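Everything on this sheet refers to the single structure shown next.
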Amino acid sequence: MTLLEGISLRPATEADLPACEETWRDGLNDYLRPLGQMEIPPDNPSLRQLHAHMLGSDPDLFWVATRPAGESGEERVIGFTSAVRRGSVWFLSMLFVRPGEQDSGLGKTLLGRVLPPPGDDAALAVATDAAQPISNGLYASHRMVPRMPMFNLVGRPTRPGVFPPLPDGILAVRFDGSAPAERDHGLEGELAELDRTTLGFDHVEDHAFLRRQGRIGFAYRDGSGRLQGYGYTSEVGRVGPIAVRDAALHAPLVSDLLDAVVPRGASAIWAPGHAGPTMEMLLQAGLRIEGFPVLVCWSRPFADFTRYLPASPGLL
């Protein structure tokens, strides 16, 4: 008997995405329930959109594991993994195995299918739940060691007086597709340049995905017109990603985004631990930390998280 007898691995297809969402939900609920945490609800449109984006941008790095189900022999997805390659950075977005299948070594096998080949000098990175010691050990065996916590801050400001204003001369211009002047200005190239200086790579395809998802971008320019930062917010409250040239602009830009579009409910922002002034401001303003912190792991440094705030743990 082999370790993975009866299990097949293959590249994912669009038809697999609903099963991947179910696997993700079942895997999370399996360890959240014993910890007294709220269960993940059955419907998650933003996750489906993220999976579709990953499959579209990096199809060779999205794999599923299946085994026959019942007498019909129809295959059932029991695990999946997806990663993206952006420049010299390889980022693991998802790795989930269904409950009951997690002691077979399947997670390790799936990860091996999407890791860069030997000799590739890519920086390896992942954002993993602090409550997942087995996963964290697996990632550490590939040099992806926890380096920074990231916190999910949720709510609306109850003490907005702690918010610093934008510096004099900094102007915010919306760019959600309704601002042709921004497009004519070559904004896409400016965003790419700023991403390379803060994040270590440009990801034009991810910017396009965020706007398709309904996030609204703002470009922050100085008096000479130079781009000093950008950020995304949305009507459903999700804030990020955010990038700034000067770390001192990080907190003022976050505070501006929280008021630029007032959401229908609470705001939600993933704040990296390295952005101390921003964390301090958000907590003082009344936002609360929800759930476990996420551990951002990497094999070597690639980003300046005092100047960059990710979109989510699944998409830098």
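The values are calculated or read from the model by the stated rules, or taken from the named source; none is laboratory data. Predicted model, so just to flag it, every value in this text is computed and none were measured. Positions of Cβ are backbone-derived with ideal geometry, glycine not excepted, and every protein chain shown enters the neighbour counts.
Among Asp304, Asp206, Asp222, which is the only one that is in the same structural domain as Pro165 (by TED's automatic domain parsing) and more than 28 Å from Ile40 (Cα to Cα)?
Exactly one of Asp304, Asp206, Asp222 is in the same structural domain as Pro165 (by TED's automatic domain parsing) and more than 28 Å from Ile40 (Cα to Cα), namely Asp222.
Any chance the range 143-166 includes a residue that's within 20 Å of Phe302 (Cβ to Cβ) and part of a loop (DSSP other than H, G, I, E, B)?
yes
State all residues of the range 198-217 that are in contact (Cβ under 8 Å) with a residue 24 or more places away in the chain and of a type in the set (Val, Ile, Thr); if no residue qualifies, say none.
Within the range 198-217, Thr198, Ile216 qualify.
The conditions are (1) in contact with a Pro (Cβ under 9 Å, 6 or more places away or on another chain); (2) surrounded by 17 or more Cβ atoms within 10 Å (Cβ to Cβ); (3) more than 22 Å from Asp103 (Cβ to Cβ), and Gly27 fails exactly one of them. Which is it?
So Gly27 meets the others, but not (3).
Every residue in the range 116-127 that is crowded, with 18+ Cβ neighbours inside 10 Å and free of Cβ contacts under 8 Å to residues at least 60 places away in the same chain, please.
Within the range 116-127, just Ala122 meets the criteria.
Across the range 273-305, which residue is surrounded by the most Cβ atoms within 10 Å (Cβ to Cβ) among those that are in a loop (DSSP other than H, G, I, E, B) and touching a Pro at 6+ places or on another chain (Cβ under 8 Å)?
Only one residue tops the list, namely Leu287.
Conditions tested, residue by residue: (1) among the basic types (Lys, Arg); (2) on the phi > 0 side of the Ramachandran plot; (3) touching a residue at least 12 places away in the same chain (Cβ under 8 Å).
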{"site": "Val64", "(1), (2), (3)": "no, no, yes"}
{"site": "Val97", "(1), (2), (3)": "no, no, yes"}
{"site": "Gly105", "(1), (2), (3)": "no, yes, yes"}
{"site": "Asp129", "(1), (2), (3)": "no, no, yes"}
{"site": "Met148", "(1), (2), (3)": "no, no, yes"}
{"site": "Pro164", "(1), (2), (3)": "no, no, yes"}
{"site": "Arg174", "(1), (2), (3)": "yes, no, yes"}
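Among the residues of the range 261-316, count how many are free of Cβ contacts under 8 Å to residues at least 60 places away in the same chain, of a type in the set (Gly, Ala, Ser) and closer than 26 Å to Ala208 by Cα.
The number of residues fulfilling the criteria is 2.
For the range 254-263, state whether one or more residues are in the same structural domain as His274 (by TED's automatic domain parsing), touching a helix residue (DSSP H, G or I) at 6+ places or on another chain (Cβ under 6 Å) and more than 24 Å from Met279 (Cβ to Cβ).
Scanning the range 254-263 turns up no residue that is in the same structural domain as His274 (by TED's automatic domain parsing), touching a helix residue (DSSP H, G or I) at 6+ places or on another chain (Cβ under 6 Å) and more than 24 Å from Met279 (Cβ to Cβ).
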